[in-house]
1. Answer yes or no as to whether B:Ile520 is over 25 Å from the mean Cα position of the chain (by Cα) and within 27 Å of B:Val344 (Cα to Cα).
2. What pairs come out if I take residues in the stretch A:46-61 that are more than 17 Å from A:Val93 (Cα to Cα) and pair them with residues that are among the β-branched types (Val, Ile, Thr) and surrounded by 19 or more Cβ atoms within 10 Å (Cβ to Cβ) whose C-beta lies under 7 Å away, six or more apart or interchain?
3. Output the residue which, of all residues in the stretch B:474-508 that are small (Gly, Ala, Ser) and touching a helix residue (DSSP H, G or I) at 6+ places or on another chain (Cβ under 6 Å), is nearest to B:Gln361 (Cα to Cα).
4. Just the residues that are touching a residue at least 40 places away in the same chain (Cβ under 8 Å) and basic (Lys, Arg), please, taken from the stretch B:234-285.
5. What number of residues within the stretch B:311-344 are surrounded by 22 or more Cβ atoms within 10 Å (Cβ to Cβ), out of contact with any Ser or Thr (no Cβ under 9 Å at 6 or more places or on another chain) and hydrophobic (A, V, I, L, M, F, W, C)?
6. Out of (1) at negative phi; (2) without any contact (Cβ under 8 Å) to a residue 24 or more places away in the chain, the odd one out for A:Gly139 is which?
7. For the stretch B:441-472: of the residues being in contact with a Ser or Thr (Cβ under 8 Å, 6 or more places away or on another chain) and farther than 25 Å from B:Ala483 by Cβ, which is surrounded by the fewest Cβ atoms within 10 Å (Cβ to Cβ)?
8. Among the numbered criteria (1) more than 14 Å from chain B (Cβ to nearest Cβ); (2) crowded, with 18+ Cβ neighbours inside 10 Å; (3) free of Cβ contacts under 8 Å to residues at least 12 places away in the same chain, which single criterion is violated by A:Ala126?
Amino acid sequence: MSLRRLSPHQPERFAFSAQSKTEVDKWIAKFPEGRQASAVIAALWIGQEQEGWVTKPMIEEVARLLSMPYIRVLEVATFYTMFNLEPVGDHLVQVCTTTPCWLRGSDDVVAACKKHIAPTPHTVSADGKFSWMEVECLGACVNAPMLQIGKDFYEDLDGPTTEKLLEAFRRGETPKPGPQNYGRVSSEPAGGALTLKDPQLYNGGYSKKTPGAES
Amino acid sequence: MASRKLNVNGVEIEADDNITLLQACEQAGAEIPRFCYHERLSVAGNCRMCLVEWVGAPKPQASCALQVKDIFPNKDGTPANIRTNSPVAKKAREGVMEFLLINHPLDCPICDQGGECDLQDQAMGYGRAAFNRFNENKRAVEDKYMGPLIKTIMTRCIQCTRCVRFATEVAGVPDLGATGRGEDMEITTYLEKAFSSELSGNVVDLCPVGALTSKPYAFNARPWELRKTESIDVMDAQGCNIRVDARGPQVLRVLPRLNEDVNEEWISDKARHACDGLNRQRLDKPYVKKNGKLVPATWGEAFAAIAARMSATKPEKMAAIVGDLAAAEEIKALKDLMLSYGDVNLECRQDGAKVGGGPRQSWLFNTTIAGIESADAILLIGANPRWEAPVLNARIRKAWTNGPVKIANIGTPVDLTYPVEQLGGADVLSGIADGSHAFAKILKDAQRPMIVVGSGALARADGAAILHLAAKIAGDSGAIGPAGTPAEGGWVGFNVLHTAASRVGALDLGFVRGHDMAGILGGGMEFVWLLGADEFDMSKLGNAFVVYQGTHGDAGAHRADVILPGAAYTEKEGLYVNFEGRVQRTKRAVFPPGDAKEDWAIIRAFSQVAGKTLPYDDRDALHQAIYKDALTFKDMHEAPAHLGADPAVWGAIGKAGPIDGKAPLECTIRDFYLTNPIARASETMAECSRIFVSGAQQMAAE
């Protein structure tokens, strides 16, 4: 957590695209008349989906749309860390650095990001393709360390794999999400399953006849 | 109402279900420390200082956020045991205090709140003495800009959010907010814009620490050095109760005083911050014009010049105009003095308001300020209460917040901080009067409708006709109900909203005689006595000999032939009648500067020189004379009870006549911060005007 302020670099204006506007209207319609302000998080999120980050004109546009004072929308935008208040690259890299990931080597992942993207978080890389940030637990601790690019998780990382991953993105490829090491599937043990391997577990071999019951 | 028994520290009490545990504990005589809780704001429950022990509950309870109805009795049926001084409660409070102090700077010696700081006091009362286990650096927060009146030292903020709730709920100007979260939470306005409320100064009082302090008062004095005088504000006609803090000969600040019936505990920024005008541009000795130039003179010379001129003037060519800040004493003395010369002209309505004469109810705010809270429909006619009486506007907003109130405005649309239906211009009035307009039905269906006629309507040429029509609408819509105060079930919904503190007192004393304002200014007067009157075009006085008796070198003093230096409201004892008809008294906090004297004493002294000695030698005798004119002055501090629906009273208000539907119907105040000589002399008010009024006009013009 750190101080969250609006970026000093702000675009001139913001307008919801026709598609975003439809989405926002859908959210506004979910709340009773006079309670449109309840749609503020959804509206900001849709705006962020469109622009990549939350801008000052976006905050003001949302406030006007929902008849809220500007300060009320600013409060929401600065409260939730899921709203990016700084410009982001094409690929937003969110590195988990909470305890399990950190113990499993997230420092190396962060170092890779610093090397390949920018030395500081919330900074767009020179080619405009990336920006990275540290985040709190993303809930994939069994595959620690991990990071999120766009909406996909890339897990079981270490320094070199992270670098490879970022290079692949830079080339315009989209690597397969999920574990990147140990050849395992999702959160199974590396090298295949170690327990629950007995086929009889699954074919009814261990089932017992209930005494007295007709088959 | 349902209630239940509680055992607070061994004292058994019966507590109403709808109050909070904190209030119940106070009823039982227990003292509960608090920072975020404030009885006029919504409950936030975020400071945790009010923790108490509910015996049997697993954790200490935040008493401000726990309602009595949520407390169930013990298993054996005995009342729940609440402990506010048990080891559990004490430990909980000590813990909270320790957390609050982690990040609070130890800068009390240079903090303006020092000596009147809730955190200081409660740390002494409820904290752990000489104890600190936090060696980390304290958090530092950038200071924010909140306008010309509020100085911020945000590192001191304990995030109670009282200011945010005040701005949103009471002031109705949601400019303040809390951005960020957790340790990084900050109180700010949207991108450092000034907090644009006329009540903004109240957040300084609300702030329990030194995060928000008064900018004009910064580093001026310590609270224990100040001489505190309980008095009355005269910046508007509401008669807000204030405390004047002075050191030596100087008024340093003005704070509100609690009065539920008038101002609760708020005052406007003008009432609070115009006090620096009391020390600037003051008239401190008499002046007499010689060869076209004002030169200092003695009282004797000044009196002789006036007496000579007065005895040489025909009474019908003489006039006296009472200004907006005059107390009843000098109004009465001036009236008696002028009348001793014969058939003179007396006028107290500088803005030309067509009110006065007839029944007293025709110039009062009859509903009373507290009565607004029980109104269910309000029609404003040519009024902008936000500028005419900001604290009254907060009361209307309170009524709107608490219940369904339909509020409509006839006149220029204004932002009053609550939703108002804009009905249009003066031409709408006849529609409402004959019942054809939609709002007429709303008024009729309302249980307790209210009609407020503002200065904008009264000051028009057809003001008397509007007043008459408004009284008719009030009568037809059932706004004139049974006699008695609102608490007794009485109701009168016909109200006149004045802007001048002296106005009702002067009307009560009958300071309306002969020519009105237009007549005096265009009638070739040869002698005019201005009692602090500055609010009209002085060039229209023509060749008249002008005596200006007042406090400041303002418009009137520039035009004057003789200047008599008077005392401002902080420098004299004076009776002021607010727009409800409530008589209140100012007290002397400091002495008038230089040779200046109390105004009634000046007039009394002059009367002797002129050979028309007034029959009162002291204030008591003067008061007796005032009672002879108007018995209402005997009822101190009370708003008059309503007389009920007497057609003889309500039919005689104003004068029927044609109404110009096209002429603008708008507030006569052009600049809220500069409405009287004291405010115009104040640097703080000039700054406010520059930022809030001129700035707003610029933005509107863009």
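1. Working: over 25 Å from the mean Cα position of the chain (by Cα): yes; within 27 Å of B:Val344 (Cα to Cα): yes.
Yes: the conditions hold for B:Ile520.
2. What qualifies is A:Ile46/A:Val24; A:Gly47/A:Val54; A:Gly47/A:Val62; A:Ile59/A:Val73.
3. As a first pass, look at the stretch B:474-508 and keep what is small (Gly, Ala, Ser): B:474-475, B:477-479, B:481, B:483-484, B:487, B:489-490, B:493, B:500-502, B:505-506.
Checking the rest, the ones that are also touching a helix residue (DSSP H, G or I) at 6+ places or on another chain (Cβ under 6 Å) come to B:475, B:477, B:493, B:505-506.
Values: B:Gly475: 13, B:Ser477: 17, B:Gly493: 11, B:Gly505: 13, B:Ala506: 14 Å.
Filtering the stretch B:474-508 for residues that are small (Gly, Ala, Ser) and touching a helix residue (DSSP H, G or I) at 6+ places or on another chain (Cβ under 6 Å), the one nearest to B:Gln361 (Cα to Cα) comes out as B:Gly493.
4. B:Lys270, B:Arg272, B:Arg280, B:Arg282, B:Lys285
5. Qualifying residue count, the stretch B:311-344: 7.
6. (1)
7. Among them, the one singled out is B:Ala459.
8. Only one criterion in (1) more than 14 Å from chain B (Cβ to nearest Cβ); (2) crowded, with 18+ Cβ neighbours inside 10 Å; (3) free of Cβ contacts under 8 Å to residues at least 12 places away in the same chain is unmet by A:Ala126, namely (2).
The values are calculated or read from the model by the stated rules, or taken from the named source; none is laboratory data. Quick caveat: nothing in here was measured; it's all calculated off a predicted structure. Note that each Cβ is placed from the backbone with ideal geometry, even for glycine, and that neighbours are counted across all protein chains shown.
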